[in-house]
Structure formats: structure tokens, C-alpha cells
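Asker: Dropping a structure here in C-alpha cells format, bear with me for questions.
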Amino acid sequence: MTSHIAPYEPQTVEPKWQRRWEERGQNEVREDPARPKFYLLEMLPYPSGDLHVGHARNYTLGDVVARYRRMRGYNVMHPMGYDAFGLPAEMAAIQRGVHPADWTETNIANFRRQFRALGVAIDWTREIDTSSPEYYRWTQWLFLLMHRRGLAYKKEAPVNWCPKDQTILANEQAAGGVCWRCGTPVEQRFVNQWFFKTTEYADRLLEGLDRLPDWPERIKTMQRNWIGRSEGVTFAFELPGSTSSISTFTTRLDTVFGVTFLAVAIDHPLVELLVAGRPEETRVREFIASVAGKSELERTQLMEKLGVFTGTHAKHPLTGERVPIWVTNYVVSTYGTGAVMGVPGHDERDFEFARKYGIDVKTVVVPPDQPDFLARDASYVEDGVLVRSAEFDGLTSEQARRAIAEELIERGIGEPTVNYKLRDWLISRQRYWGAPIPFVNCPTHGLVPVPEEQLPVLLPYDAPFTGEQGNPLEHVPSFVNTTCPLCGGPATRETDTMDTFMDSSWYFLRYLSPHEDKAPFDKEAVDYWAPVDHYIGGAEHAVMHLMYARFFYKVLHDAGMVPKDEPFTRLFNQGLVLGANNERMSKSRGNVVGIDETADRYGVDALRLFEMFAGPPETDFPWSTTGIAGATRTLNRVWRLVLTHGDALRHLAQGGAQNGGADAELRYSVHSKIKHVTEEIGDRMHVNTSVAAIMTLLNDLEGFTSTHENASTSAAFAEGLRALLLMLAPFAPHITEELWERTGHNSSIHLEAWPAYDDAALTRSVIPFVIQVNGKHRGTVEAPPGSGEDAVFDKAKAVSTVSAQLEGKTVRKKVFVPDKLLNIVVS
């Protein structure tokens, strides 16, 4: 009787098993060549504040897959670490007077506690902290590797500068173009900074995407667009009266006869030549000064398209026409040649600019079916047929691009060119809480790398945090002043630290041998585990983190340090858990639902089960107390069912009574659910439909007990009860572990093999057919699979509830769905 069963108390059961798993070292893993490996990873978190139920969804999803794979016989790597460097810790130091290291350590301890409370099967012996000297020693070593391979260099680049606080700001500190502390408009200044040559890997980064079939297509598209490979032609416009010319790059050479102006960047090297001594000089210089402090993002995307005429003209290379040259705010010198041909008839931006300043608009490409088309109200940007283009008239755009390119190349004024939007990775940060760049500046030898045996270059603990002095490292003489490794003379350290994306570009390799002290990672371990088989994280990391990690991995592959050249075989982007008003959870919105309070009230297993059931894992869903309460009721039903009929599991090995057709029907339900869940988790990540199937099995088992007094002695029921617990275990690891122990098992349920389905049990001699009359359910009949309409109709007429509806009426039509349903239409 269920009345004698004590209620399930997750607040007691869950901590018990979390302690026991850790005491056993149950989740620790080592290389095992005899077993297939499976490396599952969620993107490492930034340790700030508390985890909320949105985080819980991400890490539960990974844990379900990890536990499932382990039960399927895989040797599963599932580690955890913290992306611990970064601006928030430094801001906390300024605002709260807490050292970044202490603030970070406190947050990591809290995250670790919450992850353990969530019941995730983590190998805690592999935990990493990217801000620890043991980790960033090897981040610095990898920086030196980049330098040795000719991929790290230093050059002048723009930074955000607050003129009031006299300090350099990170982009995050200059959001909206103003200083985060004082609200002063931010300026741009040029400072020497470090870069990695990501552009050298542009083509390989593109090509590699074609070998990632298990990545979301939208993520690959975003990366392709970010790399922005474009094939075209670079050609020159002469400057009459000068030996100089202005080169431009275009992918739309078919529109070259529509050029009505040239637009050049404010820092184009020929601007001085173009305006010196001309009446327009003052106006041009004033315009340049007004734009110089703006960021590239503001100029190219946020600001109105502005410009000023230089007073100078260039010569069109094909028509000989005079083409006015304008200095503009939307052309940047870091892409292409720093000059753009203006074709307002066939480019929306150029059309907008030409309309504003009264520049001519020429139509030289028309739709194939509109030969008299003119670009009066808008530009025509599609391919078409050329007009007003001399000997190229009548050619299609594709034909014209080839023909005009050949003409320019033959004249010696053009060359095929491939351009990329991708820029080299600027990794310098003028702040304290990051990995120091391992270089010194020697008056004699210039930039000198720190010898590997002297790594790590440690962050000094006694740096001042006032927010008013720029980079705190510049104000620590004991850090700045050092000696040159080459000559032993006085030298100064680099005070820039590395972009935190540097830390997260290789962390997944450090997990594989986190205590290795002779190298960043052990090659044998990497050869066994890498690459990551399944990577889970938000789509917001589509470009930056994932691009940089792929670049890093390719460099390491070229250095012979890792197998293959792509780090993540499968990528999955989980959806969000939305707070109040269906908005993303955040402290600023006040709609965060924390893990701690949720676990205290409902239990962790209920939280996990609800979040896996609430919707497809790649979609967003709103938080619901009703939903988690439903998950709680489901777990209580499992608790009562198993403890009421625990003898079924205790005596499963001894066999049990057979109940004829009822047992066969139950076995069909059990094995169809095993097959469904196995395929849904393993191949499709459909955890929500897997939970639904488990709930349906629970219903069927409860139904069986209500109609069979001897259910506990039924072999089919015992088999079903065992399958229920095993399939539920990855979703609700604590309650299933407790029930497993209470039903006489000494080993952990999570070390059991995943249940296998029996094809024979899925083959039924008879199946149910639903019988409807005029669309209303009137009964069910059993017949062999594949039975025809007439055979099912004959059986249906023998059912009293059906025959009563047919009596005295005429059958007008029968709607038959094979192996499913017969609807009899009468009047």
C-alpha cells in the first residue's frame, strides 16, 4: 500500500548522493584505449555572482548527454573550469574595493558549490581557473609560440581614450561612445598594440566550415560573413598632373562605367596631396578632425554617411572622364585600399550619399526585361545586362565582370584580388586583470621575449585600483622595471595584458592534463581525447570565441601539437530560459530565478526534469512555477511506484509470472520507449520528447498495476520498472540513485548499461485500431498489423458500443488509416 511509503524528500536525498559520488570519485576519468571516447563540453562560464535557472538548463543538457553516453559504454570526459580573467573583476575592484583575485576566488567557490548542488557529473580533478598562474603560465607560453611562428606582431592601432580620466578604455567601457565612469565623450588615439595574424588563416578558417556538418548552419554563415572573403579586381584611377594614382577594389566591375565619384578614407595616404593649397583644404581638415575621434563601428554603421569634396578629380581608367574625389566618414583604410569607387546607380550607400550631395547617378546595369530602366528613386543592385558601357553593352553582369577584368589587366592597370573583412586579432588590453604579455622592452635590443623558463610573468598583487590612473600595471615599479634577458641591462616589461579570448581559445586542451608542468598539455592525452565531440553553448559566441578557438587550434595543428585541425566536431546552441515579461534573465531587469532557492523549494531533480521537458533544447522558453511543480509530481509518482513494487526489481533475475497478452502489450510499450529515447537523445538531442516518452512509460506501468494485482511478479512489469529508472537516471540522477539502492542494488545506477530494446518485442501479433462513428470515438478492436478495411470493419460491428451507433442507419463512407483508425460515416 502506498500509504506506508514516506514522501520523497529531495533536500535530504540529493546532498547524500552528491557527497557519495565525490567520495567514490565516480566521475573521474582516465584514458582507456579499449573504450570509445566521448569528449563533451559546455562553454566555460565567467564566474560572476550566482548561477540561475538559465545556466542550469545549459549544464543539465550537457550532463544528460554525458550520463547517457557513459551508460552506452563510452569513456566520457566532462570537465569544468572558469574563464576568470576579464573586465568585471577589475571594475569590482574599483567600485567595491575588493582585489580582482579575491573577488574571482570567492565567485569560483560559489560556482563550484552550485555546480555540485546541480548534480552534474563533473570530473573535479580536472578543474581549471584561467586566472591562476599555473594556467596563464601556459597562455604566455602559447603567446611565445605564436611569436616564434611569425604570427604575433606589434603595431600602432586605435584605442578608446577618456580625456577627463586620462585613461584608455576597453570597448565595453566605452559603450555608446562615452566613458563608463564619467560620461565624457570618448576619443580615439593611436597606441602600439599586439596582434595575431588571423588573416593568414582566413582561407583555412573558411574551408574548415565545409567539414563541420554537425554545426548549426546559421553559425557557419555568421563565420563566413565575418571572414568576408570577396574576389574582385584592384585597379587605379590616375591623378592628372601627378605620378600618383588612387587604387580601388571592387567585386562589381560590371558597374565601373557608372562611377561618378571616388570616396577615400580620412587617413588615406594621398589626402594631403589632394587638398594641400586648395580652397577646400580648410573645410576638408575640419571634417577630418570631426571624424577622427569616432570608432570604426560608429563611422561605418551608426553615423550618417558624410563627406566633403577635395576639389580634386581623378581620371576614369576606361572613359577618361573626370571623377570628383571626396573624403568620407564611411570608408576605412583597414579594408581594401582605403578608397571606394562611388556607383550610386547600383549601390544603396552610394545612392544615399549622391542624393545628399547632388552627385550624378548613372544607370549602367538594367534588369534583363527592362532595357529602359533608370535608377531614379533607388539603386539597382542586382545583376543584369550592361548599358551605356561602351563595347561591353549587352553583356550580362557575369560576362562583363570577366571581360572588363581582362581589359584592365591587359592594360596593366588592374589585378585580380581577394579581400577579407576579417582583421588580425588585436589581443592587447590596457588593464590589470589578464595574462601579462611575456615581453620586455630593452633600449638596446628592442622587444625581447621572456625566456620560457622564467614563465609565468606574474601579476603583482599590490597594483592600485582607483579607475583614474589608466592601466594599474604601469604604476607598479617592481613589475615594470626588470632586466633584459639578452644583455642583462635595464628594461621595462610590457604592461598590456592579453584579451581574455586568448584564455578561452585553448582551455579545452588543458582539461586533458591540467596538472602537466612540462607543457601546456600532454600530447598523448590530447591524441586520445581531442577533438571535442560535443560542444554546447550560446549562439552569442558564434564569431569571437569560436573563431579564435578554431584559429588557435589550426596553429597548434601546424605545430604538430594536436590531431586534426578543427577543435569542435559538433556544436549545439541551447536556448534561453526567459524571466518575467519573457525577457532574458538579468540582474538589471530584476527577473533572475536563482538555482539555490529553486533547489531548496523543489529539489534539483525537479528543476532538471522540468527544464529538459519544457521545450526543444535549442529554443527559448519562459520560466514556469507551474511547470516545475508538475515535474515534482512526476518524480513523486516514480517514487511511489518503485517503492510500492520494489520486489519486482529485487527478484527480476529470478523471472516472473506471465500475463499473456497484457505482458506482451506492456513489453511493446517498454521496448518502444527504450528505442525512442535511445534515438532521441543519442542522435537528435531531443531531450524534451525523451522525457515525454519516459512519462508515457510511467503512465503505462501505473496502468498495469491498476489492472493486475500481481504486477510485482510480472517479468514484463519488472523489466519496465528497471527501464524506467535507467532512462530517467540521466535526467534525475539523485532520485533514481536512491531508488536503485533501495531496491537492492549495490552499484551506482549511473554505472549500469543503458537498456537495449528487443526487436521481437516491437513486433506484435495484434495491434489496436481506434473505431469512430461520425468522428467520435466509440471503441477499440484488435487485429493483426496490415489488416484491411473490411476485416477491421467486421470486427468493429461486433463491438456493442459501435453496433449501437450503426443500428438503423446507412453507412455512407468509411475512412481508414492503416494500422491506426477506422471512421465510419453514417446517416
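Asker: Is there any pair with a first residue in region 417-442 that is touching a residue at least 24 places away in the same chain (Cβ under 8 Å) and more than 24 Å from TYR461 (Cβ to Cβ) and a second that is of a type in the set (A, V, I, L, M) and open to solvent by 40 Å² or more (accessible area, probe 1.4 Å) whose Cβ atoms are under 8 Å apart and which are 6 or more apart or on different chains, and what are they?
Answerer: CYS442/LEU486
Asker: Answer yes if at least one residue in region 45-55 is in a loop (DSSP other than H, G, I, E, B), modelled with pLDDT under 95 and touching a Phe, Trp or Tyr at 6+ places or on another chain (Cβ under 6 Å), and no otherwise.
Answerer: Checked region 45-55: at least one residue is in a loop (DSSP other than H, G, I, E, B), modelled with pLDDT under 95 and touching a Phe, Trp or Tyr at 6+ places or on another chain (Cβ under 6 Å).
Asker: Within region 20-41, can one find any residue that is open to solvent by 30 Å² or more (accessible area, probe 1.4 Å), within 11 Å of ALA121 (Cα to Cα) and within 25 Å of the chain's Cα centre (by Cα)?
Answerer: Among the residues of region 20-41, not one is open to solvent by 30 Å² or more (accessible area, probe 1.4 Å), within 11 Å of ALA121 (Cα to Cα) and within 25 Å of the chain's Cα centre (by Cα), which makes the answer no.
Asker: Keeping to region 79-105, report how many residues are surrounded by fewer than 20 Cβ atoms within 10 Å (Cβ to Cβ) and β-branched (Val, Ile, Thr).
Answerer: Of the residues in that region, 2 qualify.
Asker: Do we find that PHE85 is in a loop (DSSP other than H, G, I, E, B) and either in contact (Cβ under 8 Å) with a residue 60 or more places away in the chain or in contact with a strand residue (DSSP E or B) (Cβ under 7 Å, 6 or more places away or on another chain) (or both) in this structure?
Answerer: It is true that PHE85 is in a loop (DSSP other than H, G, I, E, B) and either in contact (Cβ under 8 Å) with a residue 60 or more places away in the chain or in contact with a strand residue (DSSP E or B) (Cβ under 7 Å, 6 or more places away or on another chain) (or both).
Let's see how each residue does on (1) within 28 Å of ALA56 (Cβ to Cβ); (2) of a type outside the set (A, V, I, L, M):
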residue: LEU486; (1), (2): no, no
residue: ARG493; (1), (2): no, yes
residue: LYS518; (1), (2): no, yes
residue: ALA549; (1), (2): yes, no
residue: LEU556; (1), (2): no, no
residue: LYS564; (1), (2): no, yes
residue: ASN573; (1), (2): yes, yes
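Asker: Search region 520-547 for residues being of a type outside the set (Gly, Ala, Ser) and in a loop (DSSP other than H, G, I, E, B), and hand back the single one that is nearest to ASP63 (Cα to Cα). Walk me through how you get there before you give the answer.
Answerer: First pass over region 520-547, keeping only residues of a type outside the set (Gly, Ala, Ser): 520-524, 526-529, 531-536, 540-541, 543-547.
From what is left, the residues that are in a loop (DSSP other than H, G, I, E, B) are 520-522, 531, 533, 543.
Details: PRO520: 27, PHE521: 25, ASP522: 26, PRO531: 19, ASP533: 14, VAL543: 25 Å.
Of everything passing the filter in region 520-547, ASP533 is nearest to ASP63 (Cα to Cα).
Asker: A further question on this structure: For region 356-368, check the following and say yes or no: at least one residue is part of a helix (DSSP H, G or I), at negative phi and surrounded by fewer than 19 Cβ atoms within 10 Å (Cβ to Cβ).
Answerer: Yes.
Asker: Inspect region 674-684 for any residue being in contact (Cβ under 8 Å) with a residue 12 or more places away in the chain and open to solvent by 50 Å² or more (accessible area, probe 1.4 Å) and give the result as yes or no.
Answerer: yes
Asker: Same structure again: Quick one: count up the residues across region 51-78 that are over 13 Å from ARG608 (Cβ atoms) and among the aromatic types (Phe, Trp, Tyr).
Answerer: 2
Asker: A follow-up question, please. If I ask for residues that are modelled with pLDDT of 85 or more and crowded, with 17+ Cβ neighbours inside 10 Å, which ones from region 289-308 would you list? Steps first, answer last, please.
Answerer: Step one: list which residues in region 289-308 are modelled with pLDDT of 85 or more, which gives 289-291, 304-308.
Within region 289-308, VAL291, LYS305, LEU306, GLY307, VAL308 meet the criteria.
Asker: Among VAL64, VAL76, which is the only one that is open to solvent by less than 20 Å² (accessible area, probe 1.4 Å), outside any helix (DSSP H, G or I), modelled with pLDDT of 95 or more and of a type in the set (A, V, I, L, M, F, W, C)?
Answerer: Just one listed residue meets the conditions, VAL76.
Asker: Moving on. Residues in region 542-559: is at least one under 24 Å from the mean Cα position of the chain (by Cα), open to solvent by 50 Å² or more (accessible area, probe 1.4 Å) and either at pLDDT 95 or above or not aromatic (Phe, Trp, Tyr) (or both)? Step through it out loud before you land on a result.
Answerer: Taking region 542-559 first, the residues under 24 Å from the mean Cα position of the chain (by Cα) are 542-557.
Subsequent filtering for residues that are open to solvent by 50 Å² or more (accessible area, probe 1.4 Å) retains 544, 557.
Those left that are additionally either at pLDDT 95 or above or not aromatic (Phe, Trp, Tyr) (or both): 544, 557.
The answer is yes, given that some residue of region 542-559 is under 24 Å from the mean Cα position of the chain (by Cα), open to solvent by 50 Å² or more (accessible area, probe 1.4 Å) and either at pLDDT 95 or above or not aromatic (Phe, Trp, Tyr) (or both).
The values are calculated or read from the model by the stated rules, or taken from the named source; none is laboratory data. None of the values given here were measured: they were computed from a predicted structure. Methodologically, a virtual Cβ is constructed for each residue, glycine included, from the backbone with ideal geometry; neighbour enumeration extends over all protein chains shown. Ligands, DNA and RNA are excluded from the accessible area calculation, which covers all protein heavy atoms including side chains. Shrake-Rupley method; radii C 1.70, N 1.55, O 1.52, S 1.80 Å.
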